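One structure is given below, encoded as C-alpha cells.
Each reported figure results from applying straightforward, stated rules to the coordinates on display, with no laboratory input. Here the structure is a predicted model, which is why all the values come from computation and not from measurement. FYI the Cβ positions are ideal-geometry reconstructions off the backbone, even for glycines, and counts take in every protein chain you see.
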Number of protein chains: 2
Amino acid sequence: MSLLSVGSVAFDALETPFGKTDKIIGGAATYITLSASYFTNKNNLVAVVGDDFPQEMIDILKGRAIDTTGLQIRPGEKTFFWSGKYHNDMNTRDTVDVQLNVMGDFDPILPTVYNDCEFLMLGNISPSVQKKVIERLPKRPKLIMLDTMNFWMDTAWDDLMDVIKLVDVLTVNDEEARQLSGQYSLVKAAAAIQAMGPQTVIIKKGEHGALLFHGGSIFFAPALPLEEVFDPTGAGDTFAGGFIGYLASTGDVSFNNMKRGIIYGSAMASFCVEKFGAERLFNLTIDEINERVAQFVKLAAFEIV
Amino acid sequence: MSLLSVGSVAFDALETPFGKTDKIIGGAATYITLSASYFTNKNNLVAVVGDDFPQEMIDILKGRAIDTTGLQIRPGEKTFFWSGKYHNDMNTRDTVDVQLNVMGDFDPILPTVYNDCEFLMLGNISPSVQKKVIERLPKRPKLIMLDTMNFWMDTAWDDLMDVIKLVDVLTVNDEEARQLSGQYSLVKAAAAIQAMGPQTVIIKKGEHGALLFHGGSIFFAPALPLEEVFDPTGAGDTFAGGFIGYLASTGDVSFNNMKRGIIYGSAMASFCVEKFGAERLFNLTIDEINERVAQFVKLAAFEIV
C-alpha cells in the first residue's frame with residue numbers, strides 16, 4: 001500500500017567522537033523515506049529544499065523508487081541546515097547551529113497523484129504543518145503516525161494537542177514521553193498519551209530498545225547491542241520509516257504485525273548508526289536486512305519449560 | 001542442587017518518594033537467599049549479624065527452608081546498617097549513613113554441613129572475603145557467581161581482579177561494567193570482562209532489562225514495565241537470587257537455561273520493588289511467580305513471518 005512521508009530534507013554537519021563531516025544530506029523525511037523504501041514500493045515524499053540541494057541526492061532517492069513529485073525546490077533559497085556535536089557517550093548532543101531557511105514557511109503541498117495515501121508518516125516538523133497535511137488529504141489514511149519532540153511541547157503545545165488527537169500512532173523517546181504526559185513511569189506516560197488520541201504509542205529508548213503500547217497490550221523490543229555506534233543521527237527516523245514501511249508493505253495494522261514492524265524498524269536503525277548520516281541506507285540488500293532481523297530473533301528468544 | 005549464598009544481612013533505613021522506613025531488614029544475602037528459596041530447597045547462608053538482629057527475622061528465613069547454620073550472631077555487637085534516600089526518578093540514590101559494625105571484620109566461616117556446595121553466590125562484599133569463601137570450600141562448585149560494585153573497583157582493584165578470575169558468572173550494572181572494563185560499549189565491556197575470567201557476564205540495566213553475555217552469544221532480557229516502583233532496594237540481589245536459584249534447581253548451566261534463569265530472576269525483581277525492603281519476598285506463591293513469568297513471555301514474544 002502507498003506511504004506518504006512528510007518532513008524535513010536537510011543539510012547536516014555532524015561531529016561525533018569518531019570524526020566530523022561537512023554538509024551532508026540529512027533531515028527526518030530523508031531517513032524515513034529511505035528506510036521505508038526497502039519495504040513498500042509506493043513511497044511518496046512531501047518536503048522542501050532550496051536550489052542548493054544536489055541533484056545527485058534527488059537521484060539517489062529516485063533510485064530507491066521514491067516519488068519526489070512532492071519535493072519542492074525553491075529557487076534562490078537555501079535548504080534547512082542543522083549542525084550538531086555528540087558527547088562522548090553518544091546519547092546526548094548539542095545543537096551547534098540551526099538555519100531554518102526554506103523550512104521557516106514550509107507549506108506542505110500534496111500532489112494529486114498522492115491522493116491515494118493509505119499510510120501517512122508525519123516526521124518531526126511543526127504540529128500546525130503536520131495538521132495541514134491531514135486536512136489536505138481527500139480521504140483519511142488507514143494509519144497516521146506522528147513523530148514530534150520536546151521543542152514543540154515547549155513552543156506549540158496547543159497545536160500539538162490539536163494534531164495528536166487525529167493520529168493513530170505517536171512515536172517519541174522516553175524523555176519526550178515523560179514531558180508530554182507529566183508522568184515518570186512509562187506505563188503511565190503511555191496511558192496518558194493514549195488518552196490524548198493515539199491508540200498506539202511507541203517509546204524509543206535508543207540502545208535500550210523500544211516499548212510498543214497498543215490498546216492495553218505492551219511489547220518490549222530489544223535493541224541490537226553494538227560494538228560501535230558511529231553516528232546516531234537519524235536512527236529514530238530510520239526506525240520509524242522501517243516500521244511504517246513494513247506496515248504499508250503488508251497492509252496489516254494488527255498488534256502482532258506492529259511487533260514485527262518494530263523489529264524491522266530496529267534492524268534498519270542498527271544499520272543507520274554504522275556510518276555518518278544516511279549513507280548506510282543508500283545500498284542495503286534484502287539479504288542484509290533479513291540477516292539482521294534474524295539476529296534480533298536470536299537475541300530475544302527464550303523458552304520457558 | 002545445593003546453593004550457598006554469602007553476603008550481608010543488614011538493617012536498612014530507606015526513603016523513597018513514597019515514604020520512609022525505620023530500620024528494616026536488608027542486605028544482599030537476605031534478598032538473594034529469599035529469592036532463591038522459591039526455586040531450590042537446599043539454601044545455605046553464610047553471613048554475620050549482631051545480637052540486635054531480631055529472632056523473628058531469622059525465623060522468616062528458616063520458614064523459607066533456608067539453612068542458617070552459617071549465620072554468625074556476634075554477642076555485644078551491632079548489625080551492619082545502611083541508610084539511603086532515593087531521588088524522584090528512583091534510578092539514583094544517595095547513601096545517608098553506613099555503619100559497618102560486624103561487617104568490618106567479617107570472617108566467612110563455612111559450616112562443614114555446607115561442604116557439598118554446588119552453586120555459590122558471592123553477594124556484594126569485599127573481594128578478599130569473597131575469595132576466602134572460594135578457597136575454604138573443599139571442592140570447587142559447579143558454578144560460582146559474583147556480584148560487586150564501583151566501591152570495590154575504587155578501593156580494592158587488585159583483590160577484585162584476584163577473585164574475578166576464579167568465577168564463572170559476574171553480575172554488575174551498566175555503569176559498573178563500564179568502569180570495570182574502561183569501555184563504553186556494553187558489547188566491548190562484556191568482552192573485556194570475559195577476558196578477566198568469567199565466561200558469563202550479566203549486565204543489569206534496571207528498568208531497561210538485562211544483557212546476558214555467554215561465550216560469544218548474547219541474550220537481551222526485557223524488564224517488566226511497571227506502573228509504580230515503590231522501592232528499588234534489593235532488586236539486583238533479588239534478580240541474582242532468582243537466577244542462580246533457578247539454575248541450582250535445574251542443575252543446568254547451559255546458555256538456554258541461563259536465559260530462563262534471567263527471566264525468573266527478572267520476575268522476582270519485579271515483585272521486590274512493589275513494597276519496602278524484602279517484605280514482598282516473604283510470602284509469594286508459585287502461582288504468582290508463574291503468572292509473572294507468563295507476562296514476560298507475552299511482553300517479549302514476536303514472530304517473523
- Query: ³J(HN,Hα) across the range B:242-258 via Karplus (A = 6.51, B = -1.76, C = 1.60, θ = phi - 60°), whole Hz, x for Gly/Pro?
  - Reply: x, 4, 6, x, 5, 4, 5, 5, 9, x, 10, 10, 6, 4, 4, 6, 4
- the range B:223-265: C-alpha pair distances exceeding 11 Å, %: 65
- Placing a label point 7 Å from Cα toward Cβ, how far apart in nm is B:ASP22 from its equivalents in the other copies, listed shortest first to one decimal? 7.3
- Message: Taking the square root of 5 times each eigenvalue of the Cα gyration tensor, what semi-axes in Å does the equivalent ellipsoid of the range B:186-305 have, largest first?
- Response: 24, 16, 15
- Quote the relative contact order of the range B:33-187 in percent (integer), defining contacts as alpha-carbon pairs under 8 Å separated by 6+ residues. 15
- Task: Using a 10 angstrom cutoff on alpha carbons, build the Gaussian network for chain A and name the most mobile of A:SER126, A:SER270, A:SER254.
- Result: A:SER254
- Which lysines have a Cα less than 19 Å from the Cα of A:LYS275, not counting those fewer than 8 places away in the same chain? A:LYS20, A:LYS23, A:LYS85, B:LYS188
- With x for Gly and Pro, the residue-by-residue ³J(HN,Hα) of the range B:137-143, computed from phi through the Karplus equation 6.51 cos²θ - 1.76 cosθ + 1.60 at θ = phi - 60° and given in whole Hz, is 6, x, 9, 5, x, 5, 8
- B:ASN173's amide H: which non-local residues (gap 5+, or another chain) put their own amide H closer than 5 Å, with H modeled 1.01 Å from N in plane and none for Pro or chain starts? B:LYS204
- Message: Test of understanding: ordering A:VAL169, A:VAL229, A:VAL293 by Cβ neighbours within 10 Å, fewest first, what list do you get?
- Response: A:VAL293, A:VAL229, A:VAL169
- Message: Spelling out what I want: for every residue of the range B:15-28, take phi, set θ = phi - 60°, compute 6.51 cos²θ - 1.76 cosθ + 1.60 (Karplus), and round to whole Hz; glycine and proline get x.
- Response: 10, 10, x, 9, x, 9, 10, 6, 4, 10, 6, x, x, 4
- Item | Coil-residue chymotrypsin sites (Phe, Trp or Tyr not before Pro) of the range B:6-106, DSSP, other Cβ within 10 Å capped at 16 | B:PHE18
- Note on the structure: Distances in nm between the label point of A:ASN115 (7 Å along Cα→Cβ) and its equivalents in the other copies, shortest first, are 9.0
- Task: Calculate the mean, over all residues of peptide A:222-229, of how many other protein chain Cβ atoms lie within 10 angstrom of the residue's Cβ.
- Result: 5
- Message: Could you work out the pair-distance distribution P(r) of the range B:117-174 from its alpha-carbon pairs, with 5 angstrom bin width and percents rounded to whole numbers?
- Response: 4, 20, 35, 25, 11, 5, 1
- Query: Using modelled amide H (1.01 Å from N, peptide plane; none on Pro or chain starts), what sits under 5 Å from the amide H of B:GLY27, excluding residues fewer than 5 places away?
  - Reply: B:ALA10
- Convert 10 °C to kelvin, take the viscosity as 1.306 mPa s, use the Kirkwood radius over C-alpha pairs of the range B:1-54 as Rh, and evaluate the Stokes-Einstein diffusion coefficient in µm²/s, rounded to a whole number. 128
- Over chain A, the sum of -39500 (n - 2.57) across DSSP H runs of at least four, divided by residue number and rounded to 500 deg cm²/dmol, gives at 222 nm -11000 deg cm²/dmol
- Item | Semi-axis lengths, Å, the range B:151-205, gyration tensor of Cα atoms, sqrt of 5 times eigenvalues | 16, 13, 9
- Task: Please order B:HIS208, B:HIS87 by the number of other Cβ within 10 Å, starting at the fewest.
- Result: B:HIS87, B:HIS208
- Please work out which residue of chain A brings its Cβ closest to the axis of the rotation superposing A onto B, and round that distance to whole Å. A:HIS208, 2
- Query: Which whole-number percentage describes the relative contact order of the range A:117-247, with Cα contacts under 8 Å and a sequence gap of 6 or more?
  - Reply: 18
- Mean 1/r over all different Cα pairs, inverted: what Kirkwood radius does the range B:3-300 give, in Å? 19.0
- Task: Determine how many Å³ per residue the convex hull of the Cα atoms of the range A:96-252 encloses.
- Result: 143
- Query: B:GLY63 label points, 7 Å along Cα→Cβ, one per copy: pairwise distances from this copy to the rest in nm, shortest first?
  - Reply: 7.1
- Here the whole-number average of other chain Cβ atoms within 10 Å per Cβ of B:252-260 is 2
- With the Cα gyration tensor of the protein assembly as shown in hand, give its eigenvalues times 5 under a square root as the equivalent ellipsoid semi-axes, listed largest first in whole angstrom. 51, 23, 22
- Message: Run the reach check for B:LYS42 against lysines, Cα to Cα strictly under 25 Å, same-chain hits fewer than 8 apart removed. What comes back?
- Response: B:LYS62, B:LYS131, B:LYS132, B:LYS139, B:LYS142, B:LYS259
- Taking H placed 1.01 Å from N in the peptide plane, check which residues at least 5 places from A:THR69 or on another chain put their amide H under 5 Å from its amide H. A:LEU45
